[in-house]
1. Take the stretch 358-372 and flag every residue that is within 13 Å of ligand 1 (Cβ to nearest atom) and farther than 15 Å from Ile320 by Cα.
2. Would it be correct to say that Leu235 is more than 16 Å from ligand 2 (Cβ to nearest atom) and not in a loop (DSSP other than H, G, I, E, B)?
3. For the stretch 322-360, enumerate the residues that are surrounded by fewer than 19 Cβ atoms within 10 Å (Cβ to Cβ) and away from ligand 2 (no atom under 16 Å from the Cβ).
4. Give me the pairs, please: first residue somewhere in the stretch 182-208 and basic (Lys, Arg), second residue anywhere and away from ligand 2 (no atom under 16 Å from the Cβ), beta-carbon distance under 8 Å, and either six or more positions apart or on two chains.
5. Go through (1) touching a strand residue (DSSP E or B) at 6+ places or on another chain (Cβ under 7 Å); (2) more than 16 Å from ligand 2 (Cβ to nearest atom); (3) in a loop (DSSP other than H, G, I, E, B) and name the single condition Arg292 misses.
6. Mind checking which residues of the stretch 267-289 are more than 16 Å from ligand 2 (Cβ to nearest atom) and among the hydroxyl-bearing types (Ser, Thr, Tyr)?
7. Filtering the stretch 170-205 down to residues that are of a type outside the set (S, T, N, Q), in a loop (DSSP other than H, G, I, E, B) and buried (at least 21 other Cβ atoms within 10 Å of the Cβ), which residue is nearest to ligand 1 (Cβ to nearest atom)?
8. So which residues in the stretch 246-267 are closer than 24 Å to Val457 by Cα and either surrounded by fewer than 21 Cβ atoms within 10 Å (Cβ to Cβ) or basic (Lys, Arg) (or both)?
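Just so it is clear, none of the values below were taken in a lab; they were calculated from the coordinates. Being a predicted model, the structure only gives us computed values, none of them experimental. Reconstructed Cβ throughout: ideal geometry from the backbone, glycine too, with neighbour counts over all protein chains shown.
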Amino acid sequence: MEPRTYAIRTFGCQMNEHDSLRIAGLLEADGLTEAASPDEADVVVLNTCCIRENADNKLYGTLGHLKAEKQRRPSLEIVVAGCLAQKDRDVVRERAPHVDVVLGTHNVHRAAELLHDARTHGPITEILEAAAADDHDRFPSALAARHDHGYAAWVTIQIGCDNSCAFCIVPAVRGPEMSKPFDALVDEVRALADQGVTEVTLLGQNVNSYGRDVALAARKRGEAVRVRPRFADLLRAVGAVDGIERVRFTSPHPKDLGTDVVEAMGATAAVCEHLHLPLQSGSDRVLKAMHRGYTADRYLERLAVARAGVADLAVTTDIIVGFPGETDDDFERTLEVVAEAGYDSAYTFIYSPRPGTEAAEMVGAFVPPEVVAERFARLTDVVERSARMRHEARVGLLEEVVVEGRSRRDPADLTGRTRQNKLVHFAAAPMRPGTYATVQVTGAGPHHLRGELVEQVAAARHRTRIAVTAAG
Ligand code: 5AD
Ligand code: SF4
């Protein structure tokens, strides 16, 4: 019998992509193979996100299409996972009774089992409010994850978030912060390096507070708190793993970015010269209403410390336009901070209310859409100007580039990424993704660099596919 096939559609953020990779790993461990085309898959997984706008419309649109497909092919199985499932479990069931499995963010590791159960018992919804504190199965393990680029891997160091930013749904759907044990993480990175992975990205909602929950839990149990594992130590330990050339992380919270982290970045050769430091707003009034825990000056001070401690640092950020109550004056402050911070790029978001969050209740203070649109366009201009300046300053420099593949714009070009996480397009004969090369920067745009190949430094060493193991 042909093995059953699966296809996964991810609607969300990086954390979600990581969960998708993990689900793929679990399904492969269960004997399924990836479908050549999503239209032919026996199992379709929709991994949802409630951070992105219109996530629910996209989900229900896709589910409508799949309903017709299921009438044609009754053996088709549909799984809805992720934040939106966690938040709107009943709505999903009600609007799409043809879904076989609805699972949340706390039980991704049960995807394959739940599919088995649904086959015998019919449709299942399993949403956990939070997993048991010692359930480390909850962490997506990089080893159980299939990664399209075998040279780079994401490693989740922490899940959940203990903050309460007024706009953000994450604490409600991902639960409180929980750190993966230090030694397990270092072992995981070692195992990845053994498979030829040279680049890891450490993932968490608030990586600087890594380990804080461990100390809090110990204190609650009445134990003397031994040395708490710290993010700075983790950076050093991961950076010291043989074979790991690049360590990235996302995201630190500006209020918790300590000098120890900056020192570890500066002192650890493998840690890339890139800091993603979400600003959200440059107005102290708005930052306060958002409960961000810092002022614009404090943010800029932290940034100055980071720039002083890490030579040639690229800085990127997230900014929300049109938070309820944002005035013209508040927005001007944001533009000022953006100009002063000197960002290499910024993800800009239009505020959109997430039901269940504090800001979603501030209906009377919502900013009219035409005002938001105008501010958004101005912000985009300022960000692009800043990015272009930062990129132009690199013309002439030699950059270490990891090849990602052929350029999508011009098949004669290869595309790679610098240590600062910038895309570079350069003309060259094909090289395997994961190859290290030296490229001289010859041109710059707001979102990429152009370069010329100087030399290939090291061939990619990874096996084409990371071996898939069952989670545990
Ligand atoms: N509206 C707009 N942007 C949001 N973000 C999070 N929640 C919202 C929201 N309700 C943005 C923040 C965060 C990024 C991942 O998404 O800028 O840093
Ligand atoms: Fe959301 Fe704020 Fe936590 Fe980030 S720090 S995940 S924005 S609540």
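1. Hits for the stretch 358-372 are Glu358, Glu361, Met362.
2. The answer is yes for Leu235.
3. Gly325, Thr327, Asp328, Asp329, Glu332, Leu335, Glu336, Ala339, Glu340, Gly342
4. Sorted first by the residue in the stretch 182-208, then by its partner, the pairs are Arg190/Val241; Arg190/Asp242.
5. (2)
6. Correct list: Thr268, Ser283.
7. Gly204
8. Of everything in the stretch 246-267, those that are closer than 24 Å to Val457 by Cα and either surrounded by fewer than 21 Cβ atoms within 10 Å (Cβ to Cβ) or basic (Lys, Arg) (or both) turn out to be Arg246, Arg248, Gly266, Ala267.
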